[in-house]
Number of protein chains: 2
Amino acid sequence: MGFFFFASRAAARFLGEARITHPSVSTAALLVAAASGGGLVAYADSAGENASSEPSQEAPRKKKVVVLGTGWAGTSFLKDLDCSKYEVKVISPRNYFAFTPLLPSVTCGTVEARSIVEPIRKMLEKKRKDVTFYEAECFKIDASKKAVHCRSAVGTNFDGNGDFMVDYDYLVVALGATVNTFNTPGVMENCYFLKEVEDAQKIRRNVIDCFEKASLPNISEEEKRKILHFVIIGGGPTGVEFAAEMHDFLVEDLVKLYPAIQDFVKITIIQSGEHILNMFDQRIATFAEIKFQRDGIEVNTGFRVVKVSDDLITMKSKSLGEVSVPYGMAVWSAGVGTRPVIMDFMQQIGQTNRRVLATNEWLRVHECDSIYAIGDCASITQRKIMDDISTVFKMADKDNSGTLTLKEINDVIEDICIRYPQVELYMKSMHMLDIRDLIKDAIGDSHKESMVVDIEEFKKALSHVDSQVKSVPATAQVAFISICKRSLARVNILRFLKLCQVAAQQGHYLAECFNKMDQCKEHPEGPLRMTGTGSGRHNFRPFRYKHLGQFAPLGGEQAAAELPGDWVSMGHSTQWLWYSVYASKQVSWRTRMLVVSDWTRRFIFGRDSSRI
Amino acid sequence: MGFFFFASRAAARFLGEARITHPSVSTAALLVAAASGGGLVAYADSAGENASSEPSQEAPRKKKVVVLGTGWAGTSFLKDLDCSKYEVKVISPRNYFAFTPLLPSVTCGTVEARSIVEPIRKMLEKKRKDVTFYEAECFKIDASKKAVHCRSAVGTNFDGNGDFMVDYDYLVVALGATVNTFNTPGVMENCYFLKEVEDAQKIRRNVIDCFEKASLPNISEEEKRKILHFVIIGGGPTGVEFAAEMHDFLVEDLVKLYPAIQDFVKITIIQSGEHILNMFDQRIATFAEIKFQRDGIEVNTGFRVVKVSDDLITMKSKSLGEVSVPYGMAVWSAGVGTRPVIMDFMQQIGQTNRRVLATNEWLRVHECDSIYAIGDCASITQRKIMDDISTVFKMADKDNSGTLTLKEINDVIEDICIRYPQVELYMKSMHMLDIRDLIKDAIGDSHKESMVVDIEEFKKALSHVDSQVKSVPATAQVAFISICKRSLARVNILRFLKLCQVAAQQGHYLAECFNKMDQCKEHPEGPLRMTGTGSGRHNFRPFRYKHLGQFAPLGGEQAAAELPGDWVSMGHSTQWLWYSVYASKQVSWRTRMLVVSDWTRRFIFGRDSSRI
């Protein structure tokens, strides 16, 4: 009780201070109601003079920035944006940011849903007053009118119409992706998903439902097997981590609470590819498969799900043809889809037949002057140097001699590498030290100092460079596999990585650009313009993904082996998880403490199996 | 991080120990699935031999006890029952016990829903294996067949029929009460309730919804006022505490997060009686009303709600007639109703036109041999001594003289007082020291020692005693009103009391009776039988509610003033709340710690305003 009293008093002091700094805030609201006294005065008609909705006309109008979405990208952008320079409006159907890598943990109650969310308004509280948040869904982007059409999720106004329009000067699209069922019949109706916090909560409730259902009398063994068959469709990081969480929940908690039915439980992963986790290094996949086999989790690779009815999953394989299995609960974690609003917008701007919005290297959507797209709903198309080769040559050829000397090349090589990162990547992959080696390769080994190239030789030298353009940023395919040292191994794979880190870095980058927009117009800091007719410098350096390096120094018990772009580590999985939470800039101290306190709760009391 | 690592290691050790003591449990489940290996073997057909559903035929059959409900009464019964003596089956649509006094706190996120629930299976884990839990709702009690009919809430079996029947030797009905709308039109459709954990969660989500809705653009001031008008119908303890919680949530958290709309918020309580909290001492009601007025919470007394449409509440008062007010959210906390299954059962056994089941003083339902009812769904009908007066006289008149001497009366007076507690209550209220005073009153002041009464005089002496029979147990109308010393006062009224404490004590009493049933058949410990033709003693003493005394010694800052049956205390409200949680026998250390940790979270970080 001592601790409690201490906390109580500390908080009282804390609240007392808060009251001193905002004395008017806490009383204003009360006077309205208090004034209407004992009788029934339905509505006091006050607050007419302090209506704050009108913009102040005196100051020079700030540019309007509208941010769509409050996921990793949108939140990261908002956190770093200097909101005093813009009139910022944020529109999202969720008034919170969710730390998505922990979603699989929420499904089994290892972590509470509330611990991994961060209210956006709380985040914005520290910002200036120029930020407005609307809990609504954007259903149409109108680039010609520079406006977005939105619809409130929570209801309509008196006219029965909850739609509204918000105009912008700059639009930041950070809407993320949605579930992709590949139009498989029955998936939407019968499967659970792992995209939103609500999804995880639904799964948690349903897992308990299945156990309670199987505990009822008059349930045959066959039915029990059916009800307690948990099927995960899709062997990507989310599906794999959910399977591991389910297994832990089962072994650590449910076995004790439902001893009569423990023998009927089965977890199955269905994967269409040859291996689970096939986007990662083969060693990781093999390792996870062996672990799962040891834990009794069945992995069915090479099966494509073709139909999900309310009690059967039908799948196809090359060797076995169509097979149907009864199931109790199915979680669909295969495939990422495009949101309808993005689809519609892509059609407007002629980006048809794409999954995500194409942006340039500065994250601006192609052909759209003031629309930026970050995170999962966008991808950067890296310009090929061969498309601009004559402009590049002309720009480098300062004396207009028709040939480039080594000095001329050296003068612009930094800008070239910034603008076309594939040049650097290519040289690295070819183990070349500098541009000289590249040129040498093209013109043959000639005498050193008087090295001179004409346009054809220059083209030849750079002709293979663009092969390095894949998806830029080169996706950091980093997986953490951490194995608990306990007898029943636990596999935790954090998909932190592409999904979250790239999005967060893009949000951060874009916010920095917005913050120094005026400054960079006068003093551009980007590379020389080498495309079309442009001259001078780009305002900003293009976005580049920085590899997540801070996980390296974690010493101690686990032996970390660095693979090219991959990490495999054996150690305390929770330690890794904790570090991933701890290291994320997105996360407040509140979330960090809540997550740790949830883990502590679980360690001491186990997971809660109440059906709420 | 030090703390975290410590916890992690401690837990690992703890889990390690658990594994050692139950080595088979954790592996058994896994082998089944592991055996089916790489291919797709849909279902392993094992576990045939270790099916444990068949009862062992050798031991003498244990009596079957079926418990309906897992509220205060049912859980308390289960906790104290010696489950090794019976075959116990528990049936409830909720697989958890909820600490209901904290429900109003859940509505605003002061405490998390999961912190106030206790999984029943966790509770039963410590008991022998003879306890079975079914998550289902009992929809019919069939006393003639000694069976209950149940329906699963979570689904049906293969035959499409989730109904099942459970037979009993003893039935303990602890189903609680339900909401009573008094058939007011529109209440079921448009109001929120505060009965279940889910209700509280829904309210929490809706409060945030209202604030988000009012923050949208294109919402007029009139609409904002409507949306942010929170109406509580019913000024009982639950309604009052919810209003206080809402007010705190508003002033402490929401005002900072929604500064633009704070002036539009209003909280109104509608109460049909002349005062709120009218079941308590007048001083408490007055005090709460003054507090609420100061806090800006409007209290409309004397208004009866006659209709709730989707945006208007219509109410009637004697002086003003019908008035309609627009509202954003309405919480109905007026009135307690009877569950349909209880209604149906009462009709079967001829207890028509009652709100709750009538039991005798041993908590057995009248006219039902083996059915007991405890908690909110039952009330005890105390037998009147005048109905048994001749039997009592005969029993006391050992020498069959037709008169009773003082000694004869003194020999049985203890049994009389146990059987008819109203005798004692009457003497106390008349300031009589012992039975002599009562007799004296009846026969006039005669000589002391040779005091002798005949049947008429005996009747006369006891004729007024039964006026003390009201509702037994004399409901402990205890209210804790605690006021925070902060500038904006907080009123917390714990309705712990009648609702929870009586139920818990009844559960405990009944469990004790069940535990010593065999023993008391041989050595009855109840009072002498004084009704009908019975002779000898009752097996048990009748149930009597014990006044909750343990709250007295709480010293410190608050000045506690004891009123007859009431407590009014000024001090730290959370301290009281904590003590109420701490003192409850129902509550595990898990819940205690979670509640404290929730409070600590709130003190440090404020309440969470995410809409999940």
Problem set entry | Cα lying deepest toward the dipole's positive end in region A:180-336, options A:I208, A:V265, A:G302, charges on Cβ | A:G302
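In region A:232-316, which trypsin sites (Lys or Arg not before Pro) fall in coil by DSSP and have 11 or fewer other Cβ atoms within 10 Å? Don't skip to the end; give the middle numbers.
Numbers: sites: A:K256, A:K266, A:R283, A:K291, A:R294, A:R304, A:K307, A:K316; in loops: none.
Answer in residue order: no site qualifies.
May I ask you to list the GluC sites (Glu not before Pro) in region B:351-450 that are in a DSSP loop and have at most 14 other Cβ atoms within 10 Å of their Cβ?
Working: sites: B:E361, B:E367, B:E408, B:E414, B:E424, B:E449; in loops: B:E361, B:E367, B:E449.
Of the GluC sites (Glu not before Pro), the ones in loops of region B:351-450 whose Cβ has at most 14 other Cβ atoms within 10 Å are B:E367, B:E449.
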Exercise. Cross-link list A:K85/B:K226; B:K85/B:K384; B:K126/B:K202; B:K146/B:K516; A:K226/B:K195: which exceed 25 angstrom alpha carbon to alpha carbon?
Worked result: A:K85/B:K226; B:K85/B:K384; B:K126/B:K202; A:K226/B:K195
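Using only the Cα atoms of region A:62-187, construct the convex hull and provide its projected area averaged over every direction, in square nanometres to one decimal.
Details: hull surface 42.1 nm².
So the Cα hull casts an average projection of 10.5 nm².
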Exercise. Accessible surface of A:C138 in the full protein assembly, 1.4 angstrom probe, to the nearest 10 Å²?
Worked result: 10
For this session: Would you tell me the mean number of C-beta atoms belonging to other protein chains that fall within 10 Å of each C-beta in A:205-211, as a whole number?
Result: 3
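Might you tell me the accessible area per residue for region A:385-468, computed with a 1.4 Å probe and given in Å²?
Numbers: 4520 Å² over 84 residues.
Value for region A:385-468: 54 Å² per residue.
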Exercise. Over all Cα pairs of region B:188-258, how is the pair count split among 10 Å bins, expressed in % and running from 0 up to the last occupied bin?
Worked result: 17, 50, 29, 4
For this session: Take peptide B:222-234, look around each residue's Cβ out to 10 angstrom, count Cβ atoms belonging to other protein chains, and average those counts.
Result: 2
Problem set entry | Sequence of A:Y192, B:Y420 when ordered by accessible area, the most exposed leading, probe 1.4 angstrom | A:Y192, B:Y420
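With a 1.4 Å probe and every protein chain kept in, tell me what percent of the accessible surface of region B:170-283 is carbon plus sulfur.
48
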Exercise. Which of the residues in region B:96-142 lose at least 30 Å² of accessible area when you go from the chain alone to all protein chains together (probe 1.4 Å)?
Worked result: B:Y96, B:R114, B:P119, B:R121, B:K122, B:E125, B:Y134, B:E135
For this session: Take the alpha carbon atoms of region B:236-259, find their center, do the same for region A:203-231, and report the distance between the two centers in whole angstrom.
Result: 40
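Please give me the summed charge of the neighbours of A:E322: other residues whose Cβ is under 14 Å from its Cβ, Lys and Arg +1, Asp and Glu -1. Before the final figure, lay out each step's value.
On the way: positive: A:R304, A:K307, A:K316, A:K318; negative: none.
Neighbour charge sum, excluding A:E322 itself: +4.
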For this session: Heads up, I need the accessible area for B:K459: 1.4 angstrom probe, whole protein in place, Å², nearest 10.
Result: 70
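Only four residue types carry charge here, +1 at the Cβ of Lys and Arg and -1 at the Cβ of Asp and Glu. Report the dipole size of region B:181-335 about the Cα centre in Debye, rounded to the nearest 20. Write down the numbers at each step before the final one.
Values: 17 positive and 23 negative charges, 63 e Å.
Result for region B:181-335 is approximately 300 debye, rounded to the nearest 20.
Counting protein heavy atoms only and a 1.4 angstrom probe, how many square angstrom of accessible surface do chains A and B bury in total, to the nearest 100?
Counting protein atoms only, the buried area is about 11300 Å².
Relative to the Cα centre, what is the charge dipole magnitude of region B:385-468, using +1 at the beta carbon of each Lys and Arg, -1 at the beta carbon of each Asp and Glu, and rounding to the nearest 20 debye? Don't jump to the answer; show the numbers that get you there.
Values: 10 positive and 18 negative charges, 20 e Å.
That gives region B:385-468 a dipole magnitude of about 100 debye.
Provide Rg over Rh for region B:181-335; use the alpha carbon set for both Rg and the Kirkwood Rh (inverse mean inverse pair distance).
Values: Rg = 15.0 Å, Rh = 15.8 Å.
A ratio of 0.95.
With the cut-off at 1.5 for a/c, could you classify region A:385-468 from its C-alpha gyration tensor as rounded, prolate or oblate? Let's see the in-between values first.
Details: a/c = 1.56, a/b = 1.15, b/c = 1.36.
Oblate, since a/c reaches 1.5 and b/c is not below a/b.
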Exercise. Which whole-angstrom value gives the distance between the alpha carbon centres of region A:69-99 and region A:111-151?
Worked result: 6
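Percent of accessible area on region B:385-468 owned by carbon and sulfur, 1.4 Å probe?
Roughly 51 percent of what the probe reaches on region B:385-468 is carbon or sulfur.
List the trypsin sites (Lys or Arg not before Pro) within region A:112-212 that fall in a DSSP loop (any state other than H, G, I, E or B) and whose Cβ has at most 15 other Cβ atoms within 10 Å.
Working: sites: A:R114, A:R121, A:K122, A:K126, A:K127, A:R128, A:K129, A:K140, A:K145, A:K146, A:R151, A:K195, A:K202, A:R204, A:R205; in loops: A:K126, A:K127, A:R128, A:K129, A:K145, A:K146, A:K195.
Qualifying residues, ordered by number: A:K126, A:K127, A:R128, A:K129, A:K145.
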Exercise. Of the peptides A:86-98, B:333-345, how do they stack up when ordered by the mean number of other Cβ atoms within 10 Å, highest first?
Worked result: A:86-98, B:333-345
Exercise. Carbon and sulfur: what percent of region A:285-340's accessible surface (1.4 Å probe)?
Worked result: 52
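Take every residue in peptide A:258-269, count the Cβ atoms of other chains within 10 Å of its Cβ, and give the average of those counts.
Details: counts 2, 8, 5, 2, 7, 11, 6, 4, 8, 2, 4, 0.
Mean number of neighbouring Cβ atoms from other chains: 5.
The values are calculated or read from the model by the stated rules, or taken from the named source; none is laboratory data. The structure presented is a predicted model; accordingly, all values stated were derived computationally and were not measured. Quick reminder, even Gly has a Cβ in these numbers, built from the backbone with ideal geometry, and neighbours come from all protein chains shown. These accessible areas exclude ligands, DNA and RNA; they are computed on the full protein's heavy atoms, side chains included. Shrake-Rupley method; radii C 1.70, N 1.55, O 1.52, S 1.80 Å.
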